[in-house]
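The values are calculated or read from the model by the stated rules, or taken from the named source; none is laboratory data. Values in this document were obtained by computation on a predicted structure and should not be read as measured data. Positions of Cβ are backbone-derived with ideal geometry, glycine not excepted, and every protein chain shown enters the neighbour counts. These accessible areas exclude ligands, DNA and RNA; they are computed on the full protein's heavy atoms, side chains included. Shrake-Rupley method; radii C 1.70, N 1.55, O 1.52, S 1.80 Å.
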There are 2 protein chains.
Amino acid sequence: MSLKELSLRLGLSQTTVSRALNGYPEVSERTRQRVMQLAREMNYRPNPSAKSLATGRTEHIGIVLPIEKNLFVEPLFGEYLAGVAQFLAESDMDVTVIPTPLSQEQKVYEQLAMSGRVDGLLISSPAVVDSRVASLAATNLPFVLHGRTQCEHPYSYCDIDNQGAFAKATRLLIELGHQRIGLINDECSLNYANDRYLGYKLALEQYGIPYDPSLCTQGGMTEEYGFNAVAQLLMHRPRPSAFLVSNMIFALGAMRALRQHGLEPGHDIALIAHDDHIPYLQADKFDPPLTTTSSPIRRAGYEITQMLHREIEMRSQNQAKQCKVLEVDLVIRGSTRIRKV
Amino acid sequence: MSLKELSLRLGLSQTTVSRALNGYPEVSERTRQRVMQLAREMNYRPNPSAKSLATGRTEHIGIVLPIEKNLFVEPLFGEYLAGVAQFLAESDMDVTVIPTPLSQEQKVYEQLAMSGRVDGLLISSPAVVDSRVASLAATNLPFVLHGRTQCEHPYSYCDIDNQGAFAKATRLLIELGHQRIGLINDECSLNYANDRYLGYKLALEQYGIPYDPSLCTQGGMTEEYGFNAVAQLLMHRPRPSAFLVSNMIFALGAMRALRQHGLEPGHDIALIAHDDHIPYLQADKFDPPLTTTSSPIRRAGYEITQMLHREIEMRSQNQAKQCKVLEVDLVIRGSTRIRKV
DNA sequence: TTGATCGTTCAAAGCGCTTTGAGTTTATGC
DNA sequence: GCATAAACTCAAAGCGCTTTGAACGATCAA
């Protein structure tokens with residue numbers, strides 16, 4: 001069922017049928033109704049490739065997926081994608097996931113800008129200095145970064161206030177009397193992890209508490225790493241009396257380590273985790289319920305896609321970049337119930 | 001940089017350039033080299049929409065993502081997608097994720113068959129009787145089902161042997177002396193969960209152990225549900241002496257519940273989980289290491305995509321459907337160490 | 001009545017590629 | 001030297017849509 005066939009049956013030109021279907025005003029209402037009617041009956045769908053070729057838009061946004069890295073395979077990716085999808089469903093677009101060997105990542109980003117495969121790009125998990133952003137900023141393919149990075153050129157981004165969040169959390173612990181606070185962080189080459197680290201350090205400084213680098217660890221997001229890191233820090237003397245962990249997977253491992261050492265979180269020791277709201281690991285369902293810095297990543301996915309959509313619509317008028325920083329709540333629960341004495 | 005421009009610079013026709021680039025034999029080697037050379041220098045990328053329009057292939061496979069359901073937002077989706085991506089990277093294809101409100105799911109599947117948006121479709125998490133499969137089987141859009149379902153028409157699928165796996169696991173427990181075995185399962189409306197249930201029941205039958213429906217529970221994949229289900233079953237008298245849980249998230253909750261009741265898995269009570277190999281939750285890193293029915297879902301993603309690819313290539317010759325059932329290993333570890341006396 | 005205006009429709013060009021069918025050149029065999 | 005085949009190249013059509021610019025008839029003001 002093509003436009004041509006449809007227009008033949010209707011005794012109209014393709015022009016008129018196309019316009020009727022796309023809501024152009026120069027078609028009489030009677031004609032439009034006839035067209036729509038038949039289109040519905042025939043179950044007509046315009047061919048997307050033909051449409052793209054003619055309009056130059058694909059109605060697809062792209063996400064590059066590095067196949068070796070586990071970056072995207074994290075529990076967070078699903079939630080993030082769900083948010084992205086939620087927005088796209090509203091504006092009738094799709095997402096193209098572009099699987100790419102790590103070695104070719106840079107090249108793929110460059111090509112994407114030329115090829116017109118997608119109308120825009122979402123980029124995740126930036127490094128502290130991220131070359132992808134720099135090279136994309138030089139093209140005119142719309143993109144929004146999920147996070148921030150150091151880059152000379154301006155670019156649009158949507159990030160959460162990682163630094164503020166971890167400063168807040170650290171201050172809470174300090175005010176509860178903790179001086180030796182272990183930080184179990186994601187890899188600090190990633191900007192968000194680095195920001196969290198900076199927030200932690202900032203809070204210590206503000207209270208004049210000496211910063212001890214041996215209390216700061218970083219590693220890949222696995223339950224095992226959370227366990228090992230906490231277990232190891234528990235050997236330090238004087239022992240840390242509180243832990244700040246960068247995600248819920250770490251939190252699982254941390255809980256296990258603490259319990260194994262006979263320590264009851266919220267009772268003998270304080271624990272705060274960052275919570276991205278993974279549906280199957282809810283902080284308030286932990287035992288004890290976990291105090292968290294809380295920021296739904298699904299919402300971030302929704303918002304960033306909205307921003308990208310705007311970016312695409314406005315492509316011609318090259319307007320100012322959009323920058324959004326989402327606040328992070330500090331949600332106090334049982335795992336910090338006890339004041340250190 | 002279009003074909004036209006490229007051919008002008010080379011002083012060749014578009015035909016020749018196109019053929020040179022696409023490896024057709026009727027181009028001299030000298031010409032081909034010249035063409036490839038300039039194409040590389042100019043960083044030429046054929047426009048995908050134009051290519052699709054001309055060839056009728058998009059080089060995209062589709063995955064419909066129901067935006068409300070958490071089905072895809074499970075920890076497994078990322079791993080599965082990673083496997084899909086891994087294969088696609090090898091054959092230079094992309095995946096189109098099509099976000100869809102649950103209410104429109106059926107319609108979207110129908111449209112997909114008409115519209116030529118994708119060359120083929122991957123379908124996941126079938127219900128015991130799944131209408132998507134029935135309606136797709138009526139079209140000529142290639143698709144492969146991840147799992148199985150009851151359907152009159154033949155269709156291609158790739159599944160794991162859920163029934164066999166859970167029968168094996170149950171038999172192990174029985175042979176260790178357990179008679180009252182709790183089953184913490186995913187929703188049995190899903191075919192894979194139902195199969196696991198059938199496997200469990202089958203093994204009981206084989207050993208002449210009476211089946212007690214009150215020992216079988218089903219629920220959504222959250223840590224909390226795993227916890228609650230086990231906690232509740234522990235109240236039964238006589239108390240179950242072993243648990244079979246359907247995923248690693250449940251296993252987390254189960255461990256927590258057991259410990260809270262003063263039971264040490266592998267010592268006071270036996271525990272087997274199904275393990276899809278989520279990278280951040282590894283069964284052998286649990287304490288004690290978990291006995292599992294083990295089947296990497298990433299591999300399944302790879303295999304099913306390979307099958308779909310074959311299906312697409314062979315579309316014209318309508319050959320027999322492909323059916324593959326992956327074996328599931330039973331990996332014995334510490335959580336079933338102790339023989340019941 | 002005339003010319004301008006509006007509302008409605010259309011033919012045709014164009015988007016960037018592949019592919020058909022034909023044309024041109026060069027090598028091969030007799 | 002000539003016919004035949006092989007090797008190479010090309011012009012043009014076609015994929016299914018949008019969009020430009022023109023055309024047509026009806027309406028209206030002068």
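Of note:
- Selection count where residues are within 16 Å of DNA strand C (Cβ to nearest atom) and not in a helix (DSSP H, G or I), scope segment A:25-51: 6
Here's the yes/no breakdown for (1) outside any helix (DSSP H, G or I); (2) in contact with a Ser or Thr (Cβ under 8 Å, 6 or more places away or on another chain):
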site	(1), (2)
A:Val144	yes, yes
A:Gly164	no, no
A:Cys188	yes, no
A:Asp195	no, no
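- Only residues that are farther than 23 Å from B:Gly199 by Cβ and part of a helix (DSSP H, G or I) were counted in segment B:230-249, giving 1.
- Scanning segment A:287-296 for residues that are open to solvent by 20 Å² or more (accessible area, probe 1.4 Å) and touching an Asp or Glu at 6+ places or on another chain (Cβ under 9 Å) gives a single hit, A:Pro296.
- Conditions (1) of a type in the set (Ser, Thr, Tyr); (2) farther than 20 Å from B:Ile332 by Cα; (3) within 14 Å of another protein chain (Cβ to nearest Cβ); number of the one not met by B:Thr217: (3)
- Hits in segment A:1-23 - residues which are assigned to a loop (DSSP other than H, G, I, E, B), within 8 Å of DNA strand C (Cβ to nearest atom) and either within 19 Å of A:Thr55 (Cβ to Cβ) or without any contact (Cβ under 8 Å) to a residue 12 or more places away in the chain (or both): A:Gly11, A:Ser13
- Filtering segment B:125-151 to residues that are surrounded by fewer than 19 Cβ atoms within 10 Å (Cβ to Cβ) and among the small types (Gly, Ala, Ser) leaves B:Ala127, B:Ser131, B:Ala134, B:Ser135, B:Ala137, B:Ala138.
- Restricting attention to segment B:166-177, the residues that are surrounded by fewer than 22 Cβ atoms within 10 Å (Cβ to Cβ) and either in a loop (DSSP other than H, G, I, E, B) or not aliphatic (A, V, I, L, M) (or both) add up to 5.
- A:Ala82 open to solvent by less than 40 Å² (accessible area, probe 1.4 Å), over 30 Å from B:Pro75 (Cα atoms) and under 40 Å from the mean Cα position of the chain (by Cα): no
- Elements of type strands (runs of 3 or more DSSP E) contained in segment B:250-332, each with 3 or more residues being within 22 Å of the chain's Cα centre (by Cα) and more than 19 Å from B:Ala231 (Cβ to Cβ): B:291-294, B:323-326, B:329-331
- Checked against (1) part of a loop (DSSP other than H, G, I, E, B); (2) within 30 Å of A:Arg333 (Cα to Cα), A:Cys151 passes all but a single condition, namely (2).
- A:Glu68 falls short on exactly one of the conditions (1) at positive phi; (2) away from DNA strand C (no atom under 16 Å from the Cβ); (3) more than 8 Å from chain B (Cβ to nearest Cβ), and that condition is (1).
- Qualifying residue in segment A:78-87 (condition: within 16 Å of DNA strand C (Cβ to nearest atom) and either within 21 Å of B:Tyr109 (Cβ to Cβ) or facing chain B (nearest Cβ under 8 Å) (or both)): no
- Check on A:Ala54, more than 7 Å from chain B (Cβ to nearest Cβ), within 16 Å of DNA strand C (Cβ to nearest atom) and buried (at least 17 other Cβ atoms within 10 Å of the Cβ): no
- Top-ranked residue in segment B:20-46 [being open to solvent by 40 Å² or more (accessible area, probe 1.4 Å) and within 11 Å of DNA strand D (Cβ to nearest atom); ranked as nearest to B:Met1 (Cα to Cα)]: B:Arg34
Here is a yes/no grid of residues against (1) farther than 26 Å from A:Phe243 by Cα; (2) in contact (Cβ under 8 Å) with a residue 60 or more places away in the chain:
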| site | (1), (2) |
| --- | --- |
| A:Ile278 | no, yes |
| A:Asp284 | no, no |
| A:Thr293 | no, yes |
| A:Glu303 | yes, yes |
| A:Glu311 | yes, yes |
| A:Cys323 | yes, yes |
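- Only a single item in (1) charged (D, E, K, R); (2) assigned by TED's automatic domain parsing to the domain that holds A:Lys107; (3) more than 21 Å from A:Arg57 (Cβ to Cβ) is not met by A:Arg117, and it is number (3).
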